[in-house]
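Throughout, read-outs are computed from the coordinates displayed, never taken from laboratory work. Computed from a predicted model, the values in this text were never measured in an experiment. As a convention, Cβ positions derive from the backbone with ideal geometry for all residues, glycine included, and neighbour counts pool all protein chains shown.
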Amino acid sequence: MFELIGVPPQALFGQVLLGLINGSFYAILSLGLAVIFGLLNVINFAHGAQYMMGAFVAWMGLNYLGLNYWAALLLAPLVVGAVGIAMERLLLKRIVHVDHLYGLLLTFGLALIIQGLFRNQYGSSGLPYQIPPELRGGQNLGFMFLPYYRGWVVVASLVVCVATWFMIEKTKLGAYLRAATENPTLTQAFGINVPLLVTLTYGFGVALAAFAGVLAAPIYSVNPNMGADLIIVVFAVVVIGGMGSIMGAIVTGFSLGLVEGLTKVFYPEASATVIFIIMVLVLLVKPAGLFGRPA
Amino acid sequence: MATTEVLRVPAVVAGAAPLLKVRGLEAWYGESHVLHGIDFDVAPGEVVTLLGRNGAGKTTTLKSIMGVIGKRTGSAIFEGKETIALPSRAIARLGIGYVPEERGIYSSLSVEENLMLPPRIRDGGLGVEQIFQLFPNLKERLRSQGTKLSGGEQQMLAIGRILRTGAHFLLLDEPTEGLAPVIIDQIGATIRKLKQEGYTIILVEQNFRFAATVADRHYVVEQGKVIDMIPNAELDRNIDKLHSYLGV
């Protein structure tokens, strides 16, 4: 077998694929965080818990109601998004006029409560969720083996990210969102219902997290801690991309997943910290993030 | 300083039911009490200015009418409907268009997106081509970022996007501030044209010489109250008084 930069291609491309998979989750989750932070100015620490809830709704749908993966992919974001809307209306709305820190603390507390409830009910050892029959197996590409499900995760994530970017950057609704993000008072004075936009945006951001949770369920075990493990990395991705930057969240999410994967090949000891090292460097050189605008 | 007990209303307006009737309007920025009981009327089709020194409460009066200030009390009746408890989005949908002092052009939106942003709230708004006839510069800059426009072009964009909505009552906050004389002339011509077409306008202005070219009446605001009303036709006779009000 030939080698690339001293590494067997199976290992290299395997890690590239793994990096892309992780990058897919980073991208969708950081996109949701960016959308929420942009309009609500809330650092949504509950995002990891909402991602976990998406996976659990899929698991519960399958085990309690017999709903398959494809139905869960549609329903879980709706259900968890509705929970998010209730959280925004009942809790976050009350702290919209105070410092960001309060939103972070509130959502951090909510994340702990949600994870605690699920851990209490389902334990923390993890629950299995099968890959849907249509996506089992894979294809030997010669230089690597591509599992269909993992390919699907990358493609579905890309489609969702690009569709979200298009909606925000190229549609009238997106113009409302960008305007309300920049100057909510004036936008409201034009007759646009900004509080409703805020609520729906939070619901949408949460639904993105839940969508990622359903995608993740067959890859990782469905576990109350699955979001908590991921959310710190996702926050680093958001900081590197630029808080509130949509394109930053998408590009940085996929790129850092790849960087992490390649680090596993070339210097595995640094793979768990490479994203944080990049975050420190970016904060030193460009504090607003690679795609962010200076305040 | 002279203070009129009862505001004089000119004959041309006296018979008309006011389109906007403001009574006892008070407003606060946090703990700071800024308006202390503003009273004035605006008749349909009038152009009325609010004149006064910096910090007198002119901009706050517009913000209070539009509902974009934290706390306000009193009464602002528009077309017979009390608006004081309404959110600004509901006030806008009654047909009131607001152009803020800083123009409010969104940097994250293109000129075209800025222009098309406010929803149409009633029939009768100008079409995009009509807006381009009023402000030809905008047509050439549609793809530009909104805040890349010159100050004058931004003012045109801020006025143009309100005219699209069908709002027929306009609140213009210092539309000539910081603009070159040639642009001020263009803004003045636009306001006179809008008046001819039946728009009702409240104009906040520091520049009373400009205000005199477009307005029917001038309300003088001082320390959060309206202290005088001068019909434009009587401006020359009252020029010394106005100078003393404005500290010119």
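Among the residues of B:59-68, the average count of other protein chain beta-carbon atoms within 10 Å of the residue beta-carbon is 1. Shielding by partners for peptide A:164-173, expressed as the average number of C-beta atoms from other protein chains within 10 Å of each residue's C-beta, is 1.
Radius of gyration over Kirkwood radius for the stretch A:48-142, both on Cα atoms: the Rg/Rh ratio is 1.10. Taking other Cβ atoms within 10 Å as a rough exposure proxy, A:87, A:247 sort from fewest to most as A:247, A:87.
Extending 7 Å from the Cα toward the beta-carbon at both residue A:119 and residue A:7 defines two label points whose distance is 3.4 nm.
Please compute the Kirkwood hydrodynamic radius over the protein assembly as shown, one decimal place, Å, based on all pairs of different Cα atoms. The Cα-based Kirkwood calculation yields 26.4 Å.
With R₀ set to 45 Å, the beta-carbon distance separating residue B:107 from residue B:241 gives a calculated FRET efficiency near 0.60.
Using the Cβ of residue B:57 as centre and a radius below 9 Å, the other residues enclosed give a net charge of +1, where K and R count +1 and D and E count -1. Here is the tail figure for chain A: Cα pairs spaced more than 25 Å apart come to 48 percent of all pairs.
Set the Förster radius R0 to 45 Å, insert the Cβ-Cβ distance between residue A:281 and residue B:90 as r into 1/(1 + (r/R0)^6), and round the FRET efficiency to 0.05.
Working from the Cβ atoms, E equals 0.40.
Over the whole of B:111-117, what's the average partner chain Cβ count within 10 Å per residue? Rounded to a whole number, please.
Partner-chain Cβ atoms within 10 Å, mean over residues of B:111-117: 3.
For residue A:220, put the label point 7 Å out on the Cα→Cβ axis and report which residues of the stretch A:10-41 keep their amide N under 19 Å from it. What the label zone holds, given the 19 Å backbone N cut-off, is A:15-34. Put in line by how crowded their Cβ is, counting other Cβ atoms within 10 Å and starting with the fewest, B:123, B:39, B:240 read B:123, B:240, B:39.
Note on the stretch B:106-163: Cα convex hull, mean projected area over all directions, 3.5 nm². Computed as a quarter of the hull surface, the mean projected area of the alpha carbon convex hull for chain B stands at 13.0 nm².
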